[in-house]
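The values are calculated or read from the model by the stated rules, or taken from the named source; none is laboratory data. Keep in mind that this is a model prediction, so the values were computed, not measured. Heads up, the Cβs are rebuilt from the backbone with ideal geometry, glycines too, and the neighbour counts pull from every protein chain shown. Heavy atoms of the whole protein, side chains included, go into the accessibility calculation; ligands, DNA and RNA do not. Shrake-Rupley method; radii C 1.70, N 1.55, O 1.52, S 1.80 Å.
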Amino acid sequence: MRPRYRSPVATGQLNLPFDPIERAAETWRVHFGPSSAMAAVTSIMRAHQILLSQLDTLLKPHDLTFARYEALVLLTFSKAGALPLSKIGERLMVHPTSVTNTVSRLERAGLVRRLPNPRDGRGVLAEITDRGRETVRLATEDLMEADFAMPMYDEAKLEQMFDLFRTLRVAAGDFRY
């Protein structure tokens, strides 16, 4: 079993005396019928809010958001430490405008630099800087220590969760499986 890390990150705990999503599902059943899909989607959306808040809080001391961290990690994993902005968007599955915004913020922070793409005269590469690599290293240490804000799950549950969401991603056409 993995060590339990208790995250000090505050998530705006509601501390309600009931589960509002379960209550909504009960009401949904009365008014509309089966509620399993609605309850699952609503739970996923709430989990997304919680995790994003916790991860962004963990990354704040590094002047990063999770989206910027993901971009830096992607550049760190690339052979040359640089990728076309279009490739970054494709790999992170985000809109080109989001990539441009993310890279601009990372560039202002001195974590990446933009370079002309030698393979495409109009294209631009984002290249991670030494400072960017150090920031990724330090931020990753913090995320790993906090189990990416998921210390309440053991390894088997995390793998099961990954498999469950892979089915959704395949159905959405993210990749062939």
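With a 1.4 Å probe and all protein chains in place, put Y177, Y153, Y69 in order of accessible area, largest first.
From most accessible down to least: Y177, Y153, Y69.
Where does the chain land at 222 nm, in deg cm²/dmol rounded to the nearest 500, when only DSSP H runs of n ≥ 4 count, each adding -39500 (n - 2.57), divided by all residues?
That comes out to -18500 deg cm²/dmol.
For labels at M152 and A171 in the simple 7 Å Cα→Cβ model, what's the distance in nm?
2.4 nm
Pick from M38, M93, M152 the residue whose mean-square fluctuation is largest in a GNM of the chain, springs joining Cα atoms under 10 Å.
M38
Note the full-extension length gain between M38 and V73 as 0.36 nm times their separation in residues minus their Cα-Cα distance, in nm to one decimal.
9.2 nm
Among the lysines, select those whose C-alpha is under 22 Å from the C-alpha of K79, and discard any that sit fewer than 8 residues away in the same chain.
The reachable lysines, counting only those whose Cα sits under 22 Å from K79, are K87.
Which residues' amide hydrogens lie under 5 Å from the amide hydrogen of L125, considering only partners 5 or more residues apart or on another chain, with H built in the peptide plane?
When sequence neighbours closer than 5 places are left aside, the close amide H contacts are L115, N117.
Give me the percent of the accessible area of region 25-177 that comes from carbon and sulfur atoms, probe 1.4 Å, all protein chains in place.
On region 25-177, the fraction of accessible area on carbon and sulfur atoms equals 58 percent.
Based on alpha-carbon centroids, what's the gap between region 116-177 and region 56-94 in Å, whole number please?
8 Å
Springs between alpha-carbon atoms under 10 Å, Gaussian network over the chain: tell me which of T102, T65, T167 tops the mean-square fluctuations.
Between T102, T65, T167, it is T167 that shows the largest mean-square fluctuation.
Over the chain, with a Gaussian network built from C-alpha contacts below 10 Å, which listed residue (L59, L106, L158) shows the highest mean-square fluctuation?
L158
Determine the sum of side-chain charges near A40: Lys and Arg each +1, Asp and Glu each -1, restricted to other residues whose C-beta is under 13 angstrom from that of A40.
0
List the aspartates and glutamates whose Cα lies under 17 Å from the Cα of K157, skipping any in the same chain that are fewer than 8 positions away.
Straight-line reach from K157, under 17 Å: D147.
Measure off 7 Å from each Cα along the Cα-to-Cβ vector at M45 and S86, then give the distance between these two points in nanometres to one decimal.
Each label point is offset 7 Å from its Cα along the Cβ direction, giving 3.4 nm.
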